[in-house]
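One structure is given below, encoded as structure tokens.
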Amino acid sequence: MVSGEVATAVDKRLKTISSQANQIRDIVEKLRERVEDGELATGSGISFLEVKHHTMLSYITHLAYVTLLKLHGKQIEDHPAIMNLVEDRTVLERMRPLEQRLKYQIDKMLRNT
């Protein structure tokens, strides 16, 4: 039964995505608390992480939605969710070079959480 196997595989992947999204949410929540407590200066830097966090969550949400559409046999060609995926992916790809330059500072901030 191929469709049962596919559904099981998709369910497993969605659980993995959900678990990883929860881990990201916990890390960002800890960083947010540190910012609110005044431990971290937010004058120039935390907004980059906020944009990345929101873009990644948007990407995961749209990806799950497109997967759901595909599972139900719906047509995804020219669907707005596809354009949203492309936009989110483009933002993440354009952030990558900047993230490489900030890698040391980001890692240092994450180690301290």
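The values are calculated or read from the model by the stated rules, or taken from the named source; none is laboratory data. Bear in mind the structure is a predicted one, so any value in this text is a computation, not a measurement. In case anyone asks, the SASA skips ligands and DNA or RNA and just uses the protein heavy atoms, side chains included. Shrake-Rupley method; radii C 1.70, N 1.55, O 1.52, S 1.80 Å.
For the chain, which whole percent of the accessible surface, found with a 1.4 angstrom probe, sits on carbon and sulfur atoms?
C and S fraction of accessible area: 55 percent.
Among the listed pairs Lys12/Lys108; Lys12/Lys103; Lys52/Lys103; Lys15/Lys108; Lys12/Lys74; Lys15/Lys103, which are separated by more than 23 Å between their Cα atoms?
Where the Cα-Cα span goes over 23 Å, the pairs concerned are Lys12/Lys108; Lys12/Lys103; Lys15/Lys108; Lys15/Lys103.
Before anything else, pin down the relative contact order of the chain: Cα pairs under 8 Å, at least 6 apart, normalised by residue count, whole percent.
That works out to 29 percent.
Give the aspartates and glutamates whose C-alpha is closer than 16 Å to that of Lys70, dropping any in the same chain fewer than 8 places away, or say none.
Of all the aspartates and glutamates, those that pass the test against Lys70 - Cα under 16 Å, at least 8 places apart if same chain - are Glu5, Asp11, Asp78.
Per residue, how big is the convex hull around the C-alpha atoms of region 52-113? Give it to me in cubic angstrom, could you?
83 Å³
Tell me, rounded to the nearest percent, the portion of alpha carbon pairs in the chain spaced more than 16 Å apart.
In whole percent, the long-distance tail amounts to 68.
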